1. Would you please name the GluC sites (Glu not before Pro) within segment 20-91 that are DSSP coil residues with at most 15 other C-beta atoms within 10 Å of their C-beta?
2. Let me know the charge dipole size of the chain about its Cα centre in debye, to the nearest 20, where only the beta-carbon of Lys, Arg (+1) and Asp, Glu (-1) is charged.
3. Positive end of the dipole of segment 119-203, charges at C-beta (+1 Lys, Arg; -1 Asp, Glu), about the Cα centre: which of Tyr121, Ser168, Thr182 has its Cα farthest in that direction?
4. Compute the whole-percent fraction of alpha carbon pairs in segment 65-216 spaced more than 19 Å apart.
5. Per 5 Å bin, what percent of the C-alpha pairs of segment 125-183 does each bin hold, from zero upward?
6. 5 Å is the cut-off here: which amide hydrogens, built 1.01 Å from N in the peptide plane, fall below it relative to Trp115, excluding neighbours closer than 5 in sequence?
7. If contacts are Cα pairs under 8 angstrom and at least 6 residues apart, what is the relative contact order of segment 1-120 in percent?
8. So for the chain, averaging the separation of alpha carbon pairs under 8 Å that are six or more residues apart and normalising by length, what relative contact order in percent results?
Amino acid sequence: MCDFHASSPSLPPLAADEYKVDSPWVRAFVKDVRGRIERAEDPQLACELISPLFAELLSDRDWLPAHYQEPAAESGMGGGIGQWLIFRAADRSLSLFSLVVSSGAMTPVHDHLAWGLVGIYRGTQDEEFYRPVAGLGLELVRRRPLDPGDFYALLPPRDDVHRVRTTSDETSVSIHLLANDTGCVWRHTYAEDTGEPQPFRSGYVNAACSNGNSVV
Ligand SMILES: [Fe+2]
């Protein structure tokens, strides 16, 4: 097994896989994704192998409850942005969550520290990738509009630091499938004027990062 299959070393394991949306459809998706990741030799190939499954996920209107498509006032992302956990692996090596961004709102510039896929389920977004340049700020690498069904890969360190903003009149919902417990790892936001990273943990609206008796 290759190193990239390893779990998140900074977080203690959960007692079991956690399905916040527990349906045969979601369980079958996760099982298929895991099988394809096991066959992959590196993150890029893993993203290619799971892409057809992810495209299906984005096109199906029935599997994601309405609640997981709502903003959240108490969000760790700020701006009422809802980050709703759908599934995470007990060893924290995989998470599936929705990110809900109201019309006109945007995330801070941030990283994920994990490879994976991100795609639009509802509404439209502009996605901007940045390269932090020490002492100089953030260099815009690319900006592109995203419609429902569009998705892209995150492959750190090259493609990781980004920001999304909702461009539709309706709230946007994007789906994230990433190779860590993204809401619970300590990652970074980046100051727009200096490019300086700041420690950041977004959390989830509907799940804790604590594990039994330990708080991480
Ligand atoms: Fe992101």
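1. Working: sites: Glu38, Glu41, Glu48, Glu56, Glu74; in loops: Glu41, Glu74.
Answer in residue order: Glu41, Glu74.
2. Values: 19 positive and 30 negative charges, 46 e Å.
The dipole of the chain has a size of about 220 debye.
3. Going by the Cα projections, it comes out as Thr182.
4. Working: 5834 of 11476 pairs.
Roughly 51 percent, rounded to a whole number.
5. 4, 15, 25, 24, 18, 10, 4, 1
6. The list, which skips near neighbours in sequence, is Ala179.
7. Working: 135 pairs, mean separation 36.6, N = 120.
After rounding, I find 31 percent.
8. Once divided by the residue count of the chain, the mean separation gives 24 percent.
The values are calculated or read from the model by the stated rules, or taken from the named source; none is laboratory data. Since we're looking at a predicted model, the values are computed, not measured. All Cβ positions, even for glycine, are placed from backbone atoms using ideal geometry, and neighbour counts span all protein chains on display. These area figures cover heavy atoms from the full protein model, side chains too; ligands, DNA and RNA do not enter into them. Shrake-Rupley method; radii C 1.70, N 1.55, O 1.52, S 1.80 Å.
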